[in-house]
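Okay, structure first, notes after.
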Amino acid sequence: MSVILQVNFNYDVSEEVATGATPEAAQAIADRDGVQWKIWIRDPETKTSGGIYLFRDEASADAWRTDLRADIEAREGTSDFDAKLFQITEGPTRITRGPIDVAVEA
């Protein structure tokens with residue numbers, strides 16, 4: 001069953017650095033086993049960044065959460081990493097056109 005991973009962290013770097021994800025970095029996430037999609041989020045006012053991910057299963061999401069925590073916490077200028085897994089309530093999500101039927105080949 002697909003799951004949502006919500007990730008947030010604070011950053012104390014320039015806006016250029018905060019928004020500087022390269023196409024290669026995005027592709028590496030897209031190529032990660034189990035990732036269906038990612039929405040990149042940030043709030044420059046509070047210097048919060050993160051993402052909303054759809055994973056095909058909890059094991060894939062949990063593995064990414066562990067790897068991402070290590071990566072973010074190793075970066076200078078980042079703090080307060082928070083990552084939560086959520087089950088999807090399918091019925092209402094389908095009514096509101098949530099994109100949970102995405103099929104991506106690994």
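All of the numbers you see were taken from the coordinates with simple rules; none came from a lab. From a predicted model like this one, the values you see are computed outputs, not experimental measurements. Quick reminder, even Gly has a Cβ in these numbers, built from the backbone with ideal geometry, and neighbours come from all protein chains shown.
Observations on the structure shown:
- Placing unit charges on the Cβ atoms only, positive for Lys and Arg and negative for Asp and Glu, gives the stretch 11-95 a dipole magnitude near 320 debye about its Cα centre.
- Between Gly50, Gly91, Gly34, the residue with the greatest mean-square fluctuation in the GNM of the chain (Cα pairs under 10 Å linked by springs) is Gly91.
- Loop-located GluC sites (Glu not before Pro) across the stretch 10-106 with a Cβ neighbour count of 10 or fewer within 10 Å are Glu45, Glu76, Glu105, with loop assigned by DSSP.
- You can think of it this way: the chain between Met1 and Ile88 has 30.5 nm of extra reach, that is 0.36 nm per residue less the Cα-Cα gap.
- Efficiency of FRET between Trp37 and Ala70 - r from beta-carbon atoms, R0 22 angstrom, step 0.05: 0.45
- Point-to-point label distance, Ser79-Gln27, nm (Cα→Cβ direction, 7 Å offset): 3.6 nm
- Residues Asp12 and Glu45, FRET efficiency given R0 of 22 Å [Cβ-Cβ distance, rounded to 0.05]: 0.95
- Ranking of Ser60, Ser14 by neighbouring Cβ atoms within 10 Å, starting from the fewest: Ser14, Ser60.
- For log10 I(q)/I(0) by the Debye sum over Cα atoms at q = 0.10, 0.19, 0.23 Å⁻¹, the candidate list reads (i) -0.30, -1.01, -1.32; (ii) -0.72, -1.04, -1.17; (iii) -0.27, -1.03, -1.46; the entry that matches the value derived from this model is (i).
- Surrounding net charge for Thr22, when Lys and Arg each add one and Asp and Glu each subtract one, Cβ distance under 15 Å: -2
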